[in-house]
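Only one structure is covered here, and it is reproduced in the block below.
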Amino acid sequence: SVKKGSVDDLPKDKLLSGLLAPGFDEGSCLSRYQSVLFRKPSPYKPSRYLLSKLRNYEALHKRCGPHTKSYNETLKQLKSGHNIDSTDCKYIVWISFSGLGNRIISIASVFLYALLTDRVLLVDRGKDMDSLFCEPFPETSWLLPLDFPIIDQFNRFDRESSHCYGKLLNDSITNATTISLPSYLYIHIVHDYDHFDKLFFCDEYQALLGRVPWLIIRTDNYIVPSLFLIQAFGHELGKLFPEKGAIFHHLGRYLFHPTNPVWGLITRYYQAYLARADERIGIQVRVFDTRPGPFQYVIDQILGCAHRFKLLPEIDVHGSGVTLSAKPKVKSVLMTSLTAGYYENLRNIYWEYPTVTGDMISFYQPSHEEYQQTEQKLHEEKAFAEMYLLSLTDVLVTSPWSTFGYVAQGLGGLRPWILYKPENDTAPDPPCVQSMSIEPCFHAPPFYDCKAKKGIDTGTLVPHVRHCEDMSWGLKVV
Ligand code: GDP
């Protein structure tokens, strides 16, 4: 039965061009089918091939998901410690790790890896994953069961662990023995990962991994750009994403649906403060300077960027102070930051002076949590709500090196103006640049030619994988 006022009444594309599967219980996750009410239609369309891949994945996940017969069988193998070449289902377990933006972009990359390798993605819930995100796959769960046999070892997995793939490769080369594969492998793709861990991105070592039923991965990165450089995946990626620079956009909208409490934070804020504006501008301020702020050079940089690219009107410092236009445009600026100082400064400037255009600029900041509190439930709910709210704006300014901003730009399909990283407490000139694509940046990619076995600049190999605007050694898909 269709209730009046439900999204079924609306002629909109609630399944996002077929990205979402129909048939979920709407009440259990309101955001899944309601997001369409808050977003402009995306200019990026998912390919038919991606849609069929997702439907097949959903069937696979349902067949192999937690506590199914196949899952229980494959678990026996994990417990036995031996690797038998073929199992019905193969898995990749994502370990909950790092800040929320990092977690979101890394899950999306690991999901893509699962699609490419016919594995089932299971997500370690950590302290808060289940309170932030709805289940993305129908009639099953993506959460790793709490009784998973080696779950209590996850905290200790690192580069030195005996099941770490990089360590195994390193040892096998120094010992000159052939590698015998265990029943599970740990993959370490964190900032401190070494040469052997990075061999993950080589074709020949991917082939080996295909024989291991359980992979357990810890990564805080968006590894997709480097997956493009693995030959075995290149062709399939091209078919899945003929329009290359919208991978996270599609996967993110497919996977990350805010739970009802988070959806409440988002929709109440949007309707109370943003919905009525003529234009919405998002400004994400993430300052990695540990001294207490706010810093004048950051304020100068934000205003410099906003004025140069006409994102906000300039102020009239000599104006009479009263420029009444009959119907002033209202531009609402949504700011996000751990502190309130930048918001207070900008809001005051536009209160104290008129704009040269006569437009009215209002400023809003949902929270100022003061410091990062990873895996603290309400803190992370607010963080997710703010990333999502930023994604609902029309124009976005983001901070360099920040995955928080990447999530907003990706979900929103917005090519942000990225602030350049300041040096020596001064605003850089130019202050910002518009991003080449809406994709996140891979902050720690390998620079290795697997065939020639020597270093290479992986940002110059193919036209659609480039160095990032905000981090010169990073890689992004464009
Ligand atoms: P990154 O460190 O900028 O790449 O982004 P992450 O999201 O991975 O980690 C930063 C964490 O700090 C977030 O997950 C939040 O917990 C917190 N945080 C940073 N900036 C903000 C903000 O503007 N608003 C809120 N609510 N939390 C923030």
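If the condition is being part of a helix (DSSP H, G or I), away from the ligand (no atom under 15 Å from the Cβ) and either more than 21 Å from Leu240 (Cα to Cα) or in contact with a Cys (Cβ under 6 Å, 6 or more places away or on another chain) (or both), then region 80-122 contributes only Ser80.
Got at least one residue in region 39-46 being at pLDDT 95 or above and outside any loop (DSSP other than H, G, I, E, B)? Within region 39-46, not a single residue is at pLDDT 95 or above and outside any loop (DSSP other than H, G, I, E, B). The residue list Phe137, Phe154 contains one member that is assigned to a loop (DSSP other than H, G, I, E, B), more than 16 Å from the ligand (Cβ to nearest atom) and more than 25 Å from Leu475 (Cα to Cα), which is Phe137. Which of the residues that make up region 441-478 are of a type in the set (Lys, Arg) and surrounded by 14 or more Cβ atoms within 10 Å (Cβ to Cβ)? The answer is Arg466, Lys476.
Selection of region 154-171 for residues being in contact with a His (Cβ under 9 Å, 6 or more places away or on another chain) and surrounded by fewer than 16 Cβ atoms within 10 Å (Cβ to Cβ) yields only Asp158.
Yes or no, residue by residue, for (1) at pLDDT 95 or above; (2) among the aromatic types (Phe, Trp, Tyr); (3) within 16 Å of the ligand (Cβ to nearest atom); (4) farther than 30 Å from Leu419 by Cα:
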position	(1), (2), (3), (4)
Tyr186	yes, yes, no, yes
Tyr205	no, yes, no, yes
Gly210	no, no, no, yes
Ile217	yes, no, no, yes
Ile223	yes, no, yes, no
His249	yes, no, no, no
Arg286	yes, no, yes, no
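Every listed requirement among (1) assigned to a loop (DSSP other than H, G, I, E, B); (2) away from the ligand (no atom under 16 Å from the Cβ) is met by Ile349 save one, (1). Residues that are touching a residue at least 60 places away in the same chain (Cβ under 8 Å) and near the ligand (Cβ under 9 Å from one of its atoms) within region 361-374 comprise Pro366, Gln372, Thr374, listed in sequence order. Annotation note: Cβ proximity below 9 Å between a residue of region 141-163 that is free of Cβ contacts under 8 Å to residues at least 40 places away in the same chain and a residue that is in a loop (DSSP other than H, G, I, E, B) and of a type in the set (Lys, Arg) (sequence gap 6+ or interchain) occurs for Leu146/Arg125.
Quick one: in region 328-364, which of the residues that are aromatic (Phe, Trp, Tyr) and crowded, with 17+ Cβ neighbours inside 10 Å is farthest from Glu314 (Cα to Cα)? The selected residue is Tyr364. Within region 417-433, the residues that satisfy the criterion of being in contact (Cβ under 8 Å) with a residue 60 or more places away in the chain and within 20 Å of Met387 (Cβ to Cβ) are Trp417, Leu419, Cys432. Of the residues in region 70-89, none is surrounded by fewer than 21 Cβ atoms within 10 Å (Cβ to Cβ), under 30 Å from Pro22 (Cα atoms), in contact (Cβ under 8 Å) with a residue 40 or more places away in the chain and under 24 Å from the mean Cα position of the chain (by Cα).
Out of the residues in region 416-454 that are part of a loop (DSSP other than H, G, I, E, B) and of a type in the set (A, V, I, L, M, F, W, C), state the one that is farthest from Cys305 (Cα to Cα). Once the filter is applied, the top-ranked residue is Ala452.
Note on region 248-291: residues that are surrounded by fewer than 18 Cβ atoms within 10 Å (Cβ to Cβ) and not in a helix (DSSP H, G or I) amount to 8.
When region 300-346 is filtered for residues that are more than 16 Å from the ligand (Cβ to nearest atom) and in a helix (DSSP H, G or I), the ones remaining, listed by number, are Asp300, Gln301, Leu303, Gly304, Cys305, Ala306, His307, Arg308. Out of the residues in region 391-424 meeting the condition of being near the ligand (Cβ under 9 Å from one of its atoms) and in contact with a strand residue (DSSP E or B) (Cβ under 6 Å, 6 or more places away or on another chain), tell me which one is nearest to Lys40 (Cα to Cα). Taking the candidates together, the pick is Gly405. Taken over region 361-383, the criterion of being over 19 Å from Pro294 (Cβ atoms) and not aliphatic (A, V, I, L, M) is satisfied by Ser362, Gln373, Thr374, Glu375, Gln376, Lys377, His379, Glu380, Glu381, Lys382. When region 455-470 is filtered for residues that are in contact with a strand residue (DSSP E or B) (Cβ under 9 Å, 6 or more places away or on another chain) and either over 25 Å from Val110 (Cβ atoms) or part of a loop (DSSP other than H, G, I, E, B) (or both), the ones remaining, listed by number, are Gly455, Ile456, Asp457, Thr460, Leu461, His464, Cys468, Glu469, Asp470.
The values are calculated or read from the model by the stated rules, or taken from the named source; none is laboratory data. Being a predicted model, the structure only gives us computed values, none of them experimental. Positions of Cβ are generated from backbone atoms using ideal geometry, with glycine treated the same way; all protein chains shown enter the neighbour counts.
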